[in-house]
Every structure is written in structure tokens, then in C-alpha cells.
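Colleague: Got a structure here, written out as C-alpha cells. Questions coming.
The values are calculated or read from the model by the stated rules, or taken from the named source; none is laboratory data. No experiment lies behind these values; they were computed from the predicted model shown. Virtual Cβ from ideal backbone geometry, glycine too; neighbours counted across all protein chains shown. For accessibility, only protein heavy atoms count, side chains too; no ligands or nucleic acids. Shrake-Rupley method; radii C 1.70, N 1.55, O 1.52, S 1.80 Å.
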Amino acid sequence: QVQLVESGGGWVQAGGSLRLSCAASGSIFRLNVMGWYRQAPGKQRNMVATITNGGTTNYADSVKGRFTISRDNAKNTAYLQMNSLKPEDTAVYYCYLRNWADNYWGQGTQVTVSS
């Protein structure tokens, strides 16, 4: 059984920063991908950033230069540092884990950016 526990969401004014964390527990394969997706009201869920266990990262164009994803493999924890936040970043952020052939999702954490 794999579980993802997220923390760090909240409310911030435009231009501010937030840091999200996602801790994975259970049977985690060494080769895996962790990441963050987000879903705004009435919109589909989209990839924000992903990182492999080797440290290779991928970002959505809309967050490049503002968001940084990182991970601590020893703790099976991923982080998303979000700087220069904009109102359009407002969404529910979901942690994601691809563990071998299986995909797992966190419960989601709300991020609200006010103008």
C-alpha cells in the first residue's frame, strides 16, 4: 500500500511564495517519478513539475523560472518551491508518484493566490 501525504498549501498574495511537500510511504521502488499536478475549478488536471529519482526535472512552461521541484530520496519526499506566485496559479495541487507501472495521487492541497 502506497500513501502520499501533502502539506504546505495555503493563501498568499501575488508575488509571494509557498513550499509544498509530499511524503510517500509504503512499498516504493527505487526507480520512480514524483511530481505535482494542479487543477483549477472547471479545468482539467495539468502537470506542473516532475522529478525522477535521478534528479531529472520537467516543468510546465507556465511555471518555468518560478517553481523548483526537488526531492529527498532517503525520505521519499518531494518538494515544490513556488515563487513569484500569480493569481492564475490558484488551484488544488496534487502530489503524484509513478511507482513502477502504478500511478498514485495525494489528496490535494489548496493553493490560493490573491491579486
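Colleague: Please enumerate the residues belonging to segment 52-69 that are open to solvent by less than 70 Å² (accessible area, probe 1.4 Å) and either under 23 Å from GLU88 (Cα atoms) or part of a helix (DSSP H, G or I) (or both).
Modeller: Scanning segment 52-69 gives THR57, TYR59, ALA60, SER62, VAL63, ARG66, PHE67, ILE69.
Colleague: Something else now. Taking segment 27-48 as the search range and keeping residues that are of a type in the set (Gly, Ala, Ser) and touching a strand residue (DSSP E or B) at 6+ places or on another chain (Cβ under 6 Å), which one is surrounded by the fewest Cβ atoms within 10 Å (Cβ to Cβ)?
Modeller: Step one: filter segment 27-48 for residues of a type in the set (Gly, Ala, Ser), giving 27, 35, 40, 42.
Those left that are additionally touching a strand residue (DSSP E or B) at 6+ places or on another chain (Cβ under 6 Å): 35, 40.
Values: GLY35: 23, ALA40: 13.
Only one residue tops the list, namely ALA40.
Colleague: A further question follows. Specify the residue that is farthest from LYS75 (Cα to Cα); the eligible residues are those in segment 1-25 that are part of a strand (DSSP E or B) and open to solvent by 50 Å² or more (accessible area, probe 1.4 Å).
Modeller: GLN13
Colleague: Could you list, in sequence order, the residues of segment 26-50 that are touching a Leu at 6+ places or on another chain (Cβ under 8 Å), more than 16 Å from THR68 (Cβ to Cβ) and part of a strand (DSSP E or B)?
Modeller: Hits for segment 26-50 are ASN32, VAL33.
Colleague: Might you let me know whether segment 93-112 holds any residue that is β-branched (Val, Ile, Thr) and either in contact with a helix residue (DSSP H, G or I) (Cβ under 8 Å, 6 or more places away or on another chain) or more than 21 Å from SER17 (Cβ to Cβ) (or both)? Reasoning before the result, please.
Modeller: The initial filter retains those residues of segment 93-112 that are β-branched (Val, Ile, Thr), namely 109, 111-112.
Restricting the remaining residues to those that are either in contact with a helix residue (DSSP H, G or I) (Cβ under 8 Å, 6 or more places away or on another chain) or more than 21 Å from SER17 (Cβ to Cβ) (or both) gives 111.
Yes: segment 93-112 contains one or more residues that are β-branched (Val, Ile, Thr) and either in contact with a helix residue (DSSP H, G or I) (Cβ under 8 Å, 6 or more places away or on another chain) or more than 21 Å from SER17 (Cβ to Cβ) (or both).
Colleague: Condition test on GLN81, is it under 14 Å from the mean Cα position of the chain (by Cα) and not charged (D, E, K, R)?
Modeller: So GLN81 passes the test.
Colleague: Ok, one more. Can you pull out the residues in segment 75-115 that are exposed (fewer than 15 other Cβ atoms within 10 Å of the Cβ) and closer than 11 Å to GLY35 by Cβ?
Modeller: Within segment 75-115, ASN103, TRP105 qualify.
Colleague: Kindly evaluate ASP72 against the criterion of being under 18 Å from ARG98 (Cβ atoms), surrounded by fewer than 17 Cβ atoms within 10 Å (Cβ to Cβ) and of a type in the set (D, E, K, R).
Modeller: Taking the combined requirement at face value, the residue satisfies it.
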